[in-house]
Amino acid sequence: MNTHAAILVLVMAAVTILLRFLPFLVFRKRTPAYISYLGEVLPAAIIGLLVIYCLKDTVITRAPFGAPELIAGLAVVGLQVWKRNSLLSILGGTVIYMVLVQAVFP
Amino acid sequence: MEKSPEAERKPVIVRKAFLKSLPVMAGYVVLGIGFGILLRNAGYGVLWSVAMAVLIYAGSMQYVGIDLLAGGAGILTTILTTVMVNARHLFYSISMVDRYKNAGKYKPYMIFALTDETYSLLCDGETPDSEHADLYRFLVSLFNQLYWITGCLLGSLLGAVLPFSSAGIEFSMTALFIASFTEQWLRTKDHIPALTGLLATLLCLVVLGPENFLIPAMLLITLILTLLRGRLGRKAV
């Protein structure tokens, strides 16, 4: 039982490591222009993807219709545009979200 | 700054890396605690929790891994599940191939530790000091994993006795990505990659639902950006 579980942990670790290393191993000698291009444009796109990914379980069809996520999310954008300080934006948005889900839309 | 001796510059790099990693701290500790509690409830204690945080170090995969362990899954199932849950890391690595190219002794660990959150902190390419860029990236990666291990350890030790009045703190992860997205938007002129990521993912989520949209979204994004290569590529150079 425990041996099998240990093997599963090692398999999960090995596959995860392989996925993370694979592009570096394949493009070790010279980076093809296409991969360099993806390196330029993918980061901005993937951050956009991660934003949606984090919000994927937000329910917008019944109360509170995603209002806490929308309000706190806009607060993060506003703070970031205003102060350009990520730590402040994240703290501010999170505190607003916690107040909203605990006290305003419980 | 250039004139100050090496010994005086390193602590500055350490401090800047720590400040950069701070936004991840709360999120990782909380998510790690959640993982530790669930894993403990499934019958696997502190050693398992820490071993998984050290060796696997992939948040969503570890959560999925609890079910695999508890259900005594087969090895092939475990391999396929891990590939599906973690395939997105291929894309993170592809976009870091150039940036991590000369990282030397720090490189293996930096690749190993390239999680969603570490990626979002480092993908803008900003570093306080170009000469110590690799040390800086290495330290941000390391601090993040230490937060994660701490969370997994705490969750496993405290179990269900934790007084959890912190509902909603998980939004810190979402806020981290929204802040990164906004900052990237403010710093770049061409917003087509960012909009592609946002809208293609939204489309896949609406069409395919929250369980199966992630990999199709990544493929769609790569396809669209590949088709736009002539247009965007010229501007990038």
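Per residue of segment A:19-33, what does 6.51 cos²θ - 1.76 cosθ + 1.60 with θ = phi - 60° give for ³J(HN,Hα)? Whole Hz please, x for Gly and Pro, Karplus curve as stated.
Here the 3J(HN,Hα) series is 4, 6, 8, 3, x, 5, 6, 5, 9, 5, 6, 9, 7, x, 4 Hz.
Grab the Cα-Cα distance for B:LEU203 and B:ASP67, subtract it from 0.36 nm times how many residues apart they are, and report the gain in nm with one decimal.
Length difference between fully extended and current span is 46.0 nm.
Which longest uninterrupted range of chain B lacks any trypsin sites (Lys or Arg not before Pro) assigned by DSSP to a loop state (not H, G, I, E or B) and surrounded by at most 15 other Cβ atoms within 10 Å?
B:4-100
Find how much the distance from A:ARG62 to A:ALA6 grows on full extension, using 0.36 nm per residue of separation minus their present alpha carbon separation; answer in nm with one decimal.
Fully extending the segment from A:ARG62 to A:ALA6 adds 15.8 nm.
Report, in deg cm²/dmol and to the nearest 500, the calculated mean residue ellipticity at 222 nm for chain B, where each DSSP H run with n ≥ 4 adds -39500 (n - 2.57) and the sum is divided by the residue count.
-24000 deg cm²/dmol
Which order do you get for A:GLU69, B:GLU170, B:GLU117, A:GLU40 if you rank them by accessible area with a 1.4 Å probe, largest at the top?
The most accessible residue leads, giving A:GLU40, B:GLU170, A:GLU69, B:GLU117.
Assuming R0 = 51 Å, what is the FRET efficiency of B:VAL54 and B:LYS189, from their Cβ-Cβ distance, to the nearest 0.05?
The formula returns an efficiency of 0.75 here.
Assuming a ≥ b ≥ c are the square roots of the Cα gyration tensor eigenvalues, decide whether chain A counts as rounded (a/c under 1.5), prolate (otherwise, with a/b larger than b/c) or oblate.
Taking the square roots of the gyration eigenvalues as a ≥ b ≥ c, chain A is oblate.
What's the tally of Lys pairs in chain B whose alpha-carbon atoms lie under 29 angstrom apart, where the two lysines are 8 or more places apart or on different chains?
So the count works out to 20.
How much FRET efficiency would the formula 1/(1 + (r/R0)^6) give for B:LEU80 and B:TYR109, where r is the Cβ-Cβ distance and R0 is 22 Å, rounded to 0.05?
For B:LEU80 and B:TYR109, the calculated efficiency is 0.25.
Would you work out if segment B:1-154 is rounded, prolate or oblate? Take a ≥ b ≥ c from the square roots of the eigenvalues of the alpha-carbon gyration tensor; rounded if a/c is under 1.5, else prolate when a/b is larger than b/c, oblate otherwise.
Taking the square roots of the gyration eigenvalues as a ≥ b ≥ c, segment B:1-154 is prolate.
Does the protein assembly as shown classify as rounded, prolate or oblate by the C-alpha gyration tensor (a ≥ b ≥ c root eigenvalues; a/c under 1.5 gives rounded; else a/b over b/c gives prolate, otherwise oblate)?
Here the protein assembly as shown falls in the rounded category.
Considering only protein heavy atoms, what per residue accessible area in square angstrom results for chain B with a 1.4 angstrom probe?
Dividing the accessible area of chain B by its residue count gives 45 Å².
The values are calculated or read from the model by the stated rules, or taken from the named source; none is laboratory data. Nothing here was measured: the structure is a model prediction, and the numbers come from that model. Here Cβ is always computed from backbone atoms with ideal geometry, including for glycine, and neighbour counts include all displayed protein chains. Note: areas computed on protein heavy atoms with side chains; ligands, DNA, RNA excluded. Shrake-Rupley method; radii C 1.70, N 1.55, O 1.52, S 1.80 Å.
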